[in-house]
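Report on the following structure.
The values are calculated or read from the model by the stated rules, or taken from the named source; none is laboratory data. This structure is a prediction, so every number in the text was calculated from the model and none was measured. Using ideal geometry, Cβ is built from the backbone for each residue, glycine included, and neighbour counts are taken over all protein chains shown. Note: areas computed on protein heavy atoms with side chains; ligands, DNA, RNA excluded. Shrake-Rupley method; radii C 1.70, N 1.55, O 1.52, S 1.80 Å.
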Amino acid sequence: MSWWPTIGNILSSSYKPSSQSSFRHLLYGIILGFSLSWTSTSLALFFRARRERLATHDHFEPRPIELRSDEVLSGVTGLIGNTPLIRINSLSDALGVEILGKAEFLNPGGSVKDRVALRMIDDAETVGLLHPHTGSRIFEGTVGSTGISIATIARARGYDVTIIMPDDVAEEKVKALHALGADVERVRPTSIVDKKQRAIDFGKHSSFDKPHVLQAPPSMIVSTTGDEEKPEDLMDKPRGFFADQFENRSNHDAHYDGTGPEIWRQTSGSVNAFVSGAGTGGTVAGTGRFLKSMNEDIIVVISDPEGSGLYNKIKHGVMFDYKESEGTKRRHQVDTVVEGIGINRLTDNISLALPIIDDAFRITDAEAVAMSRYLVQHDGLFLGSSSACNLFACIKLARKMGWQKGQTIVTILCDSGNRHYSKFWNDEYLKKTGIPVNPGLVTELL
């Protein structure tokens with residue numbers, strides 16, 4: 001028997017008319033009070049959501065990520081940037097945190113360095129240091145990715161390229177550079193400043209006894225075969241240009257003007273942390289500074305491999321790694337199987353990043369390898385070593401902060417595994433160097 005017939009029976013048999021009227025009034029009051037309470041709560045939620053939407057619109061204009069199928073892009077450079085932001089499902093589901101990766105490996109040159117190469121060349125052309133299709137040559141020191149990006153863009157602009165790179169990097173990168181028509185000089189790693197002389201040497205075999213060194217911003221070296229007595233002749237003469245990604249401010253600007261705003265728009269401004277490795281420092285400096293300018297509470301974190309001094313610089317103020325004192329290095333400069341991130345000196349771009357970096361995590365070679373294999377098994381993502389480092393650091397950050405309620409961590413997926421077959425993705429090589437291949441390390445941390 002329901003309670004409504006019971007009340008009816010009571011009203012009809014036991015209560016007097018005055019009692020019936022009082023009970024009805026009480027019942028009506030309860031119903032009316034409940035209705036008003038529900039209505040006011042709904043209105044309060046509506047206006048709060050409206051205020052939040054209005055506050056968000058003060059910072060950016062949200063728009064969906066669109067496939068540019070209705071546009072005709074201007075050559076290969078039109079494909080650079082506006083990369084997707086993808087959810088790493090296995091890690092996000094396990095942690096209760098949104099782990100998002102900027103898919104920079106989808107750039108035409110295959111890495112995040114496409115942005116930097118394009119900006120450095122564009123800026124040099126804008127200020128008149130380079131002129132397309134004049135027989136000029138671009139020089140750069142790199143472990144591979146920046147060189148491939150420069151060679152890609154240089155070919156489209158009519159420049160020749162000389163890349164100076166360590167003699168122990170993955171062979172796939174050298175082959176890619178040769179395929180793109182670049183001249184490659186492989187050397188034992190030394191200070192990048194030693195290589196500036198290659199740009200100065202440009203033109204020594206011309207009819208002039210001495211190449212003419214042009215005025216350029218700090219760190220850039222530009223020389224020409226033209227006669228310094230006739231500056232009007234310099235415009236169309238071949239030039240040697242040292243791009244110097246480590247000290248070139250264009251590196252930072254590419255991310256401050258591009259990567260950072262893209263992440264802010266793609267997340268609708270909902271970012272709790274940004275995680276990135278640092279080789280030159282441009283990515284973390286440019287992206288991190290932009291995100292901090294939009295919301296100073298965003299945490300910026302460095303992912304640092306073994307052998308690099310950045311971790312200790314952030315945590316203890318000293319640019320040093322303990323392996324430097326052991327004399328057991330596998331590589332000459334940064335003792336790690338990870339390529340593309342890690343450094344033991346302060347660059348101008350890293351200096352720009354230091355004031356906004358909040359934390360740092362050391363990622364071992366074993367952890368990076370474990371993450372790469374885990375992602376293939378659970379997400380079908382075939383990523384390079386620096387991407388794996390970044391994602392392992394995302395887990396460490398989420399655990400340290402105690403996050404598990406949908407907070408958003410964004411990182412950079414720098415390149416794919418296609419450039420790492422001979423070392424990072426070579427189990428036999430890893431076995432010889434004593435690096436275990438154990439995806440269970442990720443499972444244990446999760």
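Sparsely packed loop sites in the stretch 379-417 (the trypsin sites (Lys or Arg not before Pro) outside DSSP H, G, I, E and B with at most 14 other Cβ atoms within 10 Å) comprise K405.
Counting only protein chain heavy atoms and rolling a 1.4 Å probe, the accessible areas of K432, K315 rank, largest first, as K432, K315.
Among 169-179, 411-421, the peptide with the highest mean count of other Cβ atoms within 10 Å heads the list, and the full ranking is 411-421, 169-179.
Listed values for the stretch 421-426 are Karplus-derived 3J(HN,Hα) couplings in whole Hz (6.51 cos²θ - 1.76 cosθ + 1.60, θ = phi - 60°), namely 4, 7, 10, 4, 9, 10, and x replaces Gly and Pro.
The listed residues D348, D160, D365 rank as D348, D160, D365 when sorted by accessible area, largest first, using a 1.4 Å probe.
Please tell me which of these pairs span more than 32 angstrom C-alpha to C-alpha: K173/K405; K237/K423; K292/K423; K102/K313; K102/K237; K237/K313? K173/K405; K237/K423; K292/K423; K102/K237; K237/K313, as the Cα separations exceed 32 Å there. Close amide H pairs (under 5 Å, H built 1.01 Å from N) link A360 with I302, residues at least 5 positions away or on another chain.
The listed residues R87, R137, once ranked by accessible area (1.4 Å probe) with the largest placed first, stand as R87, R137. Residues in the stretch 149-160 carry Karplus couplings, in order, of 5, 4, 4, 4, 6, 4, 4, 6, 9, x, 10, 8 Hz; the curve used is 6.51 cos²θ - 1.76 cosθ + 1.60 with θ = phi - 60°, and Gly or Pro positions show x. Of the peptides 338-346, 282-290, the order by per-residue mean of other Cβ atoms within 10 Å, starting with the highest, comes out as 282-290, 338-346.
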